[in-house]
1. What fraction, in whole percent, of alpha-carbon pairs in the range A:1-76 exceed 16 Å separation?
2. Could you tell me the number of lysine pairs in the protein assembly as shown with C-alpha atoms less than 15 Å from each other, where the two lysines are 8 or more residues apart or belong to different chains?
3. Would you please give the residues with an amide H less than 5 Å from that of B:GLN146, counting only those at least 5 places away or on a separate chain, with H modeled from the backbone geometry?
4. Using modelled amide H (1.01 Å from N, peptide plane; none on Pro or chain starts), what sits under 5 Å from the amide H of A:VAL107, excluding residues fewer than 5 places away?
5. Any idea which of A:PRO266, A:CYS161, A:ILE123 is furthest toward the positive side of the dipole for chain A, if Lys and Arg beta-carbons carry +1 and Asp and Glu beta-carbons -1?
6. In degrees between 0 and 90, to the nearest 10, how far off the longest principal axis of chain A does helix A:285-303 point, with axes built from Cα atoms?
7. Please figure out what share of the DSSP beta bridges in the protein assembly as shown is antiparallel and state it in percent, rounded to the nearest 5.
8. Can you list the HN-Hα couplings for the range B:8-17, worked out from phi with the Karplus curve (6.51, -1.76, 1.60; θ = phi - 60°), rounded to whole Hz and with x for Gly and Pro?
Amino acid sequence: MTSPLGKDLLALEPLTPEQIGLILDTAEPFKEISERAIKKVPTLRGSTIVNLFFEPSTRTRVSFEFAEKRLSADTVNVAASGSSVSKGETLVDTARNLEAMRIDMVVMRHGASGAAQFLAQRIESNVINAGDGTHEHPTQGLLDLLTLRDHFGDLRGLRVCIVGDVLHSRVARSNIWGLQKMGADVAVCGPRSLLPNAIAEFGITVFDRVEAAMEWAQALNVLRLQLERMTAGYIPSLREYNRVFGVTRERLERADHDILILHPGPMNRGVEIDSDVADGPHSVILNQVTNGVAIRMAVLYLLAGGRPELAETAKSTPGGER
Amino acid sequence: MDRTLRRMADEIVELHDGTEDLVLVGIQRRGVQLASRIARLIAEREGEAPRLGALDITLYRDDLQTIGPRPVVGPTDIPGDIDGARVVIVDDVLYTGRTVRAALDELADFGRPARIGLAVLIDRGGRELPIHADVVGKRVELRRDQRVDVLVAELDGADSVVVVPKTAPPSDAGRAAGGGRSKKSPARRSAAGEASA
């Protein structure tokens, strides 16, 4: 039996709705493990996983590390600064050297879009994309789907609006692919300078006013305004951004229904989201973090094993039945 | 099957001299339904039901690397504290003993019971580990190329125990949670021998 996801998890775009549903279903029992006194199962005992982070990350790296440790894998963290390395060759060399030490999986974050796929095609280990450039961040997309499903029960027909810097956001892209595949209605809202030109071609509604987005949406996924973008002239000022697109309590109260609030973190309080919204009753921001560990455990579990040649040997020996 | 379960319930109560500190833990999937039925039968007899739990041992299997992941992992739910409790693991079929080995490992992560017992509906022999059941519904000797499937009304519509060739698709007619593991094949059932339990 090969892994139901294939060798790698690089993006949500190539996955089928069934595969995404399988990951979400598999994450359910993993939630319980993190509630135990002994938060550990022996599933990946003996597996070695390298967390290769070419970009800074706290939440995602820690979340992956918890997921790996709770499945009893051995983990090594490699933090590399992307500035001084010449990309292609060095990346492959790094990975091949790691592979020569007999590792089983690589979890990689990289500043270049497509870096995870580039690596996956060149090494035998499983590769999990923990964010590549402005391309995708599949496990974040999956944990957002899980959090929405926890709350609404079903993703079909759910109206979700992604608010903010969609142009530079790999989280937005993974969300759009994942939500659309699971049958949700997706919209985006933000300054036109921060929306991709051809966004409407994805079959996505575009709201220019955040008030209109709130009238429509059952859930808002509020993206981090990447502050470094401001100097590049995408927006006039943080204050103006907050005034026009900020998700504030006053605005939410004007909508005639409750709206679930998601944010992938880290938050700029007072810029894209106000504190009383982030900490308010409709915020599931910390549920997202909790679900992140369960989703990553599910992905690790589903990618592990599944070596076809070993499966053949196992089939011919007794003991396959429980 | 009812009569067998009733006898198993009696034996469990006698073995433990009552229901005090008794916890029945069913192994996903069919063991869970069997445990809950045995608990009901014990409650009828003793006027007090034992605590009930469920265990999915998928994550404790020793063959993930070789057979690949089982697609859907069922819930594990251990009721309260099992330190000092008398736990009885309930499963449908006892074969190699590897499932029970995994269940023992998993239970140890939840606490330290005073005693752990094992009750199975069918013991088909063929052990690969030094494990034996305290309470057995029925013993059958099967060849290695055969498999026994237990079907329960709660999941499968009706109770039955069928012996099928080892390579036959699962007899649960695709009802497994999350689905997609097997497709119904009507021809299979008629070819299968029925064992009574």
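1. On the way: 1780 of 2850 pairs.
Summing the P(r) of the range A:1-76 above 16 Å gives 62 percent of all pairs.
2. Values: A:LYS31/A:LYS39; A:LYS31/A:LYS40; A:LYS31/A:LYS69; A:LYS39/A:LYS69; A:LYS40/A:LYS69; A:LYS315/B:LYS166.
Step by step, the pairs that qualify in the protein assembly as shown add up to 6.
3. Result for B:GLN146 returns B:LYS166.
4. Residues meeting the criterion, in which the H sits 1.01 Å from N, are A:VAL50, A:ASN51, A:LEU52, A:ILE128.
5. Of the options given, the answer is A:ILE123.
6. Tilt of helix A:285-303: around 30 degrees.
7. Numbers: 10 of 67 bridges.
Antiparallel: roughly 15 percent of the beta bridges in the protein assembly as shown.
8. Values per residue, Gly and Pro as x: 4, 4, 4, 5, 5, 5, 5, 4, 9, 6 Hz.
Read-outs throughout are calculated quantities, based only on the coordinates presented, and are distinct from any laboratory measurement. Computed from a prediction, not measured in an experiment: that's the story for all the values here. Note that we place each Cβ from the backbone using ideal geometry, even for glycine, and neighbour counts take in every protein chain shown.
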